Amino acid sequence: DAGITQSPRHKVTETGTPVTLRCHQTENHRYMYWYRQDPGHGLRLIHYSYGVKDTDKGEVSDGYSVSRSKTEDFLLTLESATSSQTSVYFCAIRGTRTETGTDTQYFGPGTRLTVL
Amino acid sequence: AQTVTQSQPEMSVQEAETVTLSCTYDTSESDYYLFWYKQPPSRQMILVIRQEAYKQQNATENRFSVNFQKAAKSFSLKISDSQLGDAAMYFCAYRGGNQFYFGTGTSLTVIP
């Protein structure tokens with residue numbers, strides 16, 4: 001989706017190192033989400049935000065923290081990466097698009113993270 | 001907690017034929033939304049179709065339509081006149097309140 005970017009798109013890191021993934025949106029949506037996608041599990045919610053400095057935990061939040069100091073940016077941090085956190089991470093916003101007139105979820109392109 | 005179940009890990013369909021992907025969900029809420037997303041090999045998640053629970057009429061988007069059975073908590077996706085570009089992973093999703101819950105996906109192969 002053109003209005004949602006993620007950086008980096010690919011990252012390889014070592015166990016025990018800190019990692020921060022960034023999600024940036026240009027559409028001023030209030031709600032932002034971080035998911036991880038693993039084979040056989042679909043997408044699972046890590047954390048979400050409902051406004052600047054307002055966040056809540058999702059289904060698989062252990063080992064992850066988030067921050068949102070600006071409406072447009074939502075950061076996901078792995079304080080000490082582990083091999084079990086190797087995954088594809090998706091950021092999403094929840095909003096209404098004029099072309100569809102719906103209130104739904106739109107996704108960034110994903111970040112592939114490998115923890116060795 | 002809400003759960004979404006897709007019982008068909010893999011499906012295949014001949015080009016130009018029709019295929020139906022199944023999805024069931026569990027919730028105690030009366031007001032919610034259901035979605036189907038497509039994920040092609042590019043990995044981008046693309047919204048296919050959306051259904052509000054309070055609407056009895058089934059949603060349609062061109063060749064895509066749903067069969068929403070609220071009492072049975074069933075939300076299947078029908079793809080008509082299947083095309084090679086329909087080959088992808090399809091995820092069913094439920095939104096209740098601020099959170100979204102996803103099924104484990106169905107991988108659709110389109111046979112030329």
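The values are calculated or read from the model by the stated rules, or taken from the named source; none is laboratory data. These figures come from a predicted structure and were not determined experimentally. Methodologically, a virtual Cβ is constructed for each residue, glycine included, from the backbone with ideal geometry; neighbour enumeration extends over all protein chains shown. Areas reflect the complete protein model, heavy atoms only, side chains present, ligands, DNA and RNA absent. Shrake-Rupley method; radii C 1.70, N 1.55, O 1.52, S 1.80 Å.
In this structure, B:LEU84 qualifies as more than 10 Å from chain A (Cβ to nearest Cβ), at pLDDT 95 or above and loosely packed, with under 15 Cβ neighbours inside 10 Å.
Return yes or no: is B:ARG50 open to solvent by 10 Å² or more (accessible area, probe 1.4 Å), modelled with pLDDT under 95 and either of a type in the set (Phe, Trp, Tyr) or over 15 Å from the mean Cα position of the chain (by Cα) (or both)? It is false that B:ARG50 is open to solvent by 10 Å² or more (accessible area, probe 1.4 Å), modelled with pLDDT under 95 and either of a type in the set (Phe, Trp, Tyr) or over 15 Å from the mean Cα position of the chain (by Cα) (or both).
Of all residues in region A:17-65, those being in a strand (DSSP E or B), open to solvent by 30 Å² or more (accessible area, probe 1.4 Å) and more than 14 Å from chain B (Cβ to nearest Cβ) number 4. Annotation: B:GLN57 fulfils all but one of (1) surrounded by 19 or more Cβ atoms within 10 Å (Cβ to Cβ); (2) modelled with pLDDT under 90; the unmet one is (1).
Among the residues of region A:1-16, the one identified as open to solvent by 70 Å² or more (accessible area, probe 1.4 Å), among the hydrophobic types (A, V, I, L, M, F, W, C) and under 22 Å from A:GLN105 (Cβ atoms) is A:ALA2.
Hey, could you check region B:103-112 for residues that are open to solvent by less than 20 Å² (accessible area, probe 1.4 Å) and in a strand (DSSP E or B) and say which is farthest from the other protein chains (Cβ to nearest Cβ)? Among residues in region B:103-112 that are open to solvent by less than 20 Å² (accessible area, probe 1.4 Å) and in a strand (DSSP E or B), the one farthest from the other protein chains (Cβ to nearest Cβ) is B:VAL110. Being open to solvent by 30 Å² or more (accessible area, probe 1.4 Å), within 11 Å of another protein chain (Cβ to nearest Cβ) and part of a loop (DSSP other than H, G, I, E, B) is a description that does not apply to B:SER7.
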